[in-house]
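Asks: What follows is a structure written as C-alpha cells; I'll ask about it next.
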Amino acid sequence: MANKPFILRPLFADELLELQGLLRAEKTQSAVYRRCRLIWELAAGCNLTEASELAGMHYTNGRIWVVRFEDEGAAGLMGHPRTGRPPVYGDRVQTRIIRAATSRPVDLGLPFTTWSMAKLEEYLQGQRGMETLSRETIRRVLKQHGLRFLTGQTWCESKDPDFEAKKTPS
C-alpha cells in the first residue's frame with residue numbers, strides 16, 4: 001500500500017493569525033513553537049516531510065500534530081496534560097500520616113519524644129493498611145502539607161579546663 005501525500009486543509013484567516021501570534025510570541029514554549037511551525041510550513045505549501053524537517057520533528061510525529069490541529073485547531077497544538085499513575089494511597093492514608101507526624105510520640109505510647117523519618121516510617125508501617133508505605137511516600141505527603149524533618153545537630157562539650165585556650169589558636 002503506497003503512502004498518499006498528506007495535504008493540509010486550507011486554513012482560515014483567524015487560524016493563520018493565531019499561528020503567527022504564537023510563532024512571534026516570546027513566551028511560546030519550544031514544543032508548541034515547533035508544532036505551530038509545522039502547520040505554518042504546511043500552509044505555505046511544503047509537504048509533510050519537508051515541513052516536519054523545517055519544524056525539527058520526525059514526520060510521523062508531524063502527522064499526529066497535523067491531525068490534532070485539524071480536529072481541535074490551534075488549541076490542539078498545546079498538548080494535553082498527562083494523567084499519570086493514579087495515587088496508591090488516598091486521602092484517608094494521607095490524613096493518618098499527617099496526624100501521626102504532628103502528634104507527640106509519647107501520646108501514641110511510644111518510648112521516645114521526637115520523630116525521625118525512620119521512626120515515623122516504622123510506626124506507620126505497623127498500622128493496619130499501611131504495611132507497604134514507603135519512606136519516600138511519607139516524605140512526599142509531608143512535603144505536600146508543608147511539613148519536613150529538620151536535620152539534627154549534635155555537639156560535644158569538653159571537661160578539659162584548658163579547652164577554650166586550646167580551641168582558639170594563638
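Each reported figure results from applying straightforward, stated rules to the coordinates on display, with no laboratory input. Nothing here was measured: the structure is a model prediction, and the numbers come from that model. Cβ: placed from backbone, ideal geometry, glycine included. Neighbour counts: every protein chain shown.
Asks: Here are the criteria: (1) free of Cβ contacts under 8 Å to residues at least 40 places away in the same chain; (2) surrounded by 15 or more Cβ atoms within 10 Å (Cβ to Cβ); (3) under 30 Å from LEU38 (Cβ atoms); (4) aliphatic (A, V, I, L, M). Tell me which single one ALA74 does not satisfy.
Replies: It is condition (1) that ALA74 fails.
Asks: Taking the stretch 35-56 only, how many residues are under 31 Å from the mean Cα position of the chain (by Cα), closer than 16 Å to GLU70 by Cα and of a type in the set (D, E, K, R)?
Replies: Looking only at that region, the number is 2.
Asks: All but one of (1) under 30 Å from GLU131 (Cα atoms); (2) in a loop (DSSP other than H, G, I, E, B) hold for LYS119; which doesn't?
Replies: It is condition (2) that LYS119 fails.
Asks: Select, from VAL88, VAL106, the only residue that is surrounded by 10 or more Cβ atoms within 10 Å (Cβ to Cβ), touching a Ser or Thr at 6+ places or on another chain (Cβ under 7 Å) and among the β-branched types (Val, Ile, Thr).
Replies: Going through VAL88, VAL106 in turn, the sole match is VAL106.
Asks: Filter the stretch 56-101 down to the residues that are part of a helix (DSSP H, G or I) and of a type in the set (Lys, Arg), then identify the one that is nearest to LEU8 (Cα to Cα).
Replies: Of everything passing the filter in the stretch 56-101, ARG63 is nearest to LEU8 (Cα to Cα).
Asks: Scan the stretch 85-98 and tell me whether some residue there is over 28 Å from the mean Cα position of the chain (by Cα) and without any contact (Cβ under 8 Å) to a residue 40 or more places away in the chain.
Replies: No; the residues of the stretch 85-98 include none that is over 28 Å from the mean Cα position of the chain (by Cα) and without any contact (Cβ under 8 Å) to a residue 40 or more places away in the chain.
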